[in-house]
Amino acid sequence: MKKITFNKPYINYENYFRNLKKLKNFNHYSKHGFFCHKCSDFLIKKLKVKKVLMTQSCTSALEMCAILLDIKKNDEIIFPSYSYVTTVSSFVSRGAKPIFIDIDKNSLCLNIKDLKKKITNKTKAVVVTNYAGGSCDMNELKKLKRKFNFFLIEDNAQALFSTFNNKFLGTFGDLSTISFHETKNIHCGEGGALIINNKKFIKRSEIVLHKGTNRVLFNKQIINRYSWVDIGSSFGLSEIHASLLFNNLKNFKNIFNIRKKIWENYHIKFKSLEINGLIKRPWFNKKVKQNYHMYYLLVKPSIRNKLIKFLSDYKIQASFHYLPLHNSIFYKKNYKKKLFFKNSQDISNQIIRLPLSNELKKKDSDYVIKKVYNFFKKI
Ligand SMILES: *Cc1c(COP(=O)(O)O)cnc(C)c1O
């Protein structure tokens with residue numbers, strides 16, 4: 001039996017080795033070199049944004065956001081409770097008080113109705129996660145931002161090149177983050193980027209990226225030695241990673257097209273299971289054009305783990321994720337507040353993510369579909 005892995009990260013070795021040779025000629029492998037600039041220029045042009053800084057991970061970019069927001073102890077920041085750990089921990093570690101809200105049961109993104117209830121004049125920022133390449137209603141969110149004047153941060157780790165109303169996700173927030181982790185559509189092993197849409201943050205972001213120094217001015221030969229001027233860390237992406245990333249970025253249309261074909265194959269063939277009420281398929285806001293990051297099914301909690309086990313018996317790797325963050329060990333220990341969010345908890349128990357990557361063959365996705373059907377015939 002052939003093993004069908006959940007994800008198979010894509011590398012074009014020929015191009016990668018060619019770029020590595022270039023690095024050897026440049027004699028520069030650390031940060032802020034040729035390929036980092038190539039990647040950020042590519043993203044600036046494509047997304048039509050003011051500034052992009054390449055980082056070691058999406059988490060690094062989120063940590064930079066937290067520094068740039070200048071969080072004071074117990075500043076309130078609102079988060080969806082169904083998200084990745086570092087969406088929230090990056091801000092909490094700088095002293096923010098997390099205010100969790102529920103997600104929407106269709107988009108699995110932040111629930112605007114619940115946001116309206118929880119938002120106050122004390123809300124410093126709202127962090128949205130653009131889950132599975134989709135988003136909440138960005139028009140509603142923009143209206144609330146105007147009314148309450150909070151900073152909007154998009155954790156856009158999963159939604160690179162998705163759009164809402166023909167505008168790229170990641171370009172709505174004052175600050176937004178991207179992940180180039182090997183599990184994302186475009187990857188370089190580990191990598192990320194910070195998108196800066198609010199120019200107020202530009203100058204300081206370069207200092208924070210350069211470990212809290214004014215090295216950028218030194219590099220531009222404006223000053224003759226650089227100094228420690230602010231907090232910061234070693235957030236930048238190495239040239240070795242960037243040289244791999246640049247190839248994959250340039251090749252994104254190809255990569256997305258292959259993912260699209262597999263995604264749509266799943267979606268069409270699972271339709272009748274949905275009609276029979278056995279599963280629910282992914283849903284997107286009508287204004288969203290998604291990037292085919294993830295294919296998931298929602299099934300009854302009582303059978304979710306059985307389905308994962310059944311597939312694994314046929315060497316198909318399926319997975320689930322996100323223990324709601326308000327139920328995490330850390331939150332319970334430090335906040336001692338019992339919260340209940342129906343959608344977040346339901347989805348966490350219902351979701352099953354199916355194999356999807358641009359290295360997955362269509363016939364393998366057909367095999368996955370066949371086995372899911374077999375499972376439902378058996379139960
Ligand atoms: C993958 C992911 C992250 C973390 O990305 P890293 O690059 O591994 O730090 C953060 N948030 C979301 C929503 C993610 O999907």
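Structure summary
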{"read-out": "Label-point separation in nm, Glu182 to Asn254, each point 7 Å along Cα→Cβ", "value": "2.1"}
{"read-out": "Cα-derived Rg over Rh, computed across the stretch 97-195 with Rh taken as Kirkwood radius", "value": "0.97"}
{"read-out": "Over 25 Å between alpha carbons, listed pairs Lys342/Lys378; Lys142/Lys287; Lys286/Lys362; Lys21/Lys363; Lys31/Lys51; Lys8/Lys167", "value": "Lys342/Lys378; Lys286/Lys362; Lys21/Lys363; Lys8/Lys167"}
{"read-out": "Within straight-line cross-link reach of Lys336, lysines at Cα separation under 29 Å, skipping those fewer than 8 residues along the same chain", "value": "Lys72, Lys73, Lys97, Lys105, Lys113, Lys116, Lys117, Lys118, Lys122, Lys124"}
{"read-out": "Geometric extent, Cα atoms of the stretch 42-95 - Rg, Dmax (angstrom)", "value": "13.0, 38"}
{"read-out": "Isotropic mean projected area of the C-alpha convex hull, the stretch 252-378 (nm²)", "value": "9.8"}
{"read-out": "Angstrom value of the Kirkwood radius, inverse mean 1/r, which spans all Cα pairs in the stretch 143-283", "value": "18.3"}
{"read-out": "Length-normalised contact order for the chain - Cα pairs under 8 Å, 6+ apart - percent", "value": "23"}
{"read-out": "Computed lengthening from Lys309 to Phe340, 0.36 nm per intervening residue step minus Cα-Cα distance", "value": "8.3 nm"}
{"read-out": "Over the chain, equivalent-ellipsoid semi-axes from the Cα gyration tensor in Å", "value": "35, 28, 17"}
{"read-out": "Span from the the stretch 46-90 Cα centroid across to the the stretch 147-193 one, whole angstrom", "value": "10"}
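Bear in mind that the values in this text are calculations on the coordinates, not laboratory data. Only a predicted model underlies this, so the values are computations on that prediction, with no experimental measurement involved. Positions of Cβ are generated from backbone atoms using ideal geometry, with glycine treated the same way; all protein chains shown enter the neighbour counts.
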